[in-house]
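Every number here is computed from the coordinates shown, using simple stated rules; none is lab data. Quantities reported herein were computed from a predicted structural model and do not represent experimental measurements. Backbone-built Cβ (ideal geometry, glycine too); neighbour counts: all protein chains shown.
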Amino acid sequence: MDRYVITLGRFIIESEREHPGATGALSNILYDLTLAAKMIHREVSKAGLVDILGMAGKENVHGEEVRKLDEYAHDVVFNAMDHNGQLCVMASEEEEGLIQIPGQFPTGDYVLLFDPLDGSSNIDANISIGTIFSIHRRISEGRDGTLEDCLQAGFKQVAAGYVMYGSSTVLVYSTGQGVAGFTLDPSIGEFLLSHRDIKLPQPGKKIYSCNEGNYARWSQGQKDLVGYFRGDDGNGGGFSHRYVGSLVADFHRTLLYGGMFMYPADSKSPKGKLRLLYEAAPLAMLCEQAGGRATDGVRDISSIEPEELHERTPLYMGNREWVDLAGEYLAGEEASVAG
Ligand code: AHG
Ligand code: MN
Ligand code: MN
């Protein structure tokens, strides 16, 4: 039944109307991100054919050079966003430094931080991957944005979201008034509203999600926490362990089913593996907007003042009760972990 279909574009416009002072700039940014998402979807949906189309860095059957999807996705987002006059600077997981807006284009009042392709190790196995984005309002003056504009704490985000390229392609985002999800209908090229107001189920499914392959390098508190979920101590137990290895997929499941996702610090990576600015902070905004909690084991992710563009952070996010429990098990532990 196609009646009452709400497209992402219509939803953005209606949301803008609820903000009397809105200039449409943020709507414009979100709209252009949607275009990038559709273009990445198109390439990703062919990725499963990568053997036929050729491996990245080599030529495909058409004699075209096949690009790494990470780099391709980065370029698609950059080219979709560099000329709309709404951004003063960008930063990407795929680029070491700041990405300035080319001189021939006007700049605007917003900052875009993004992980163009998350979970890239899963591409060849046709497992869900994603794009993550975080939007801040600039704090500097002048034409070009600065590092200071990028290094803002998560609670200052004006919008955050992700696209998951899975069995279907979904776009989930928030501008601070709850979380909405849209599913791409490729036959009409539109993202259609499929999840109007996502809230973490309370209580959620008893699912814990982490890479247990790192167990030996975890702190004792982290080991005991997972021991509780596994029922090693005879007290907890009754949980399922689920781990995709694509943050966007593990988060999307946590958002819809509940439980907790963890990427702890370990003795090899004392700050964990995931990036604060364009992985943890945007997903933390969505998690909080959906009634959950996101911490580094101790502090709320959204309160952390970034010091570097690509800095990492341990990450615990999902139902509040489990994130709080993690805090209890990790209390008193130094940032470093068991040797
Ligand atoms: P990216 O592909 O953007 O580098 O992100 C990969 C991340 C994240 O998607 C996932 O949660 C994590 O790597 C998985 O790491 P492990 O393979 O170490 O579990
Ligand atoms: Mn990533
Ligand atoms: Mn990535």
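General observations
- Dipole axis of the chain (+1 Lys, Arg; -1 Asp, Glu on Cβ), positive-most option in 281, 314, 237: 237
- Cα-based reach from residue 68 at 16 Å (exclusive), listing lysines while leaving out same-chain residues under 8 positions away: 46, 58
- 5 angstrom amide H check on residue 179, placed H, neighbours 5+ away: 198
- Annotation note: trypsin sites (Lys or Arg not before Pro) in region 286-329 located in DSSP loop regions with a Cβ neighbour count of at most 14 within 10 Å are 299.
- Neighbour net charge for residue 196 - beta-carbon separation under 15 angstrom, K R +1, D E -1: -1
- Net charge of Cβ neighbours under 9 Å - reference residue 259; Lys, Arg +1; Asp, Glu -1: +4
- Rounded to 10°, Cα long-axis angle of helix 320-330 versus longest principal axis of the chain: 60 degrees
- Whole-Hz Karplus values for region 270-287 come out as x, 9, x, 10, 7, 8, 5, 5, 10, 10, 5, 5, x, 6, 5, 4, 5, 4 Hz, taken residue by residue from phi with 6.51 cos²θ - 1.76 cosθ + 1.60 and θ = phi - 60°; glycine and proline positions read x.
- The lysines within cross-link reach of residue 206, meaning a Cα-to-Cα straight distance under 25 Å and a gap of 8 or more places when in the same chain, are 223, 273.
- Only helices enter the 222 nm calculation for the chain: every DSSP H run of n ≥ 4 contributes -39,500 (n - 2.57), and dividing by all residues gives -8500 deg cm²/dmol, rounded to 500.
- Dipole magnitude of the chain, debye to nearest 20 (Cβ charges: Lys/Arg +1, Asp/Glu -1, about Cα centre): 960 debye
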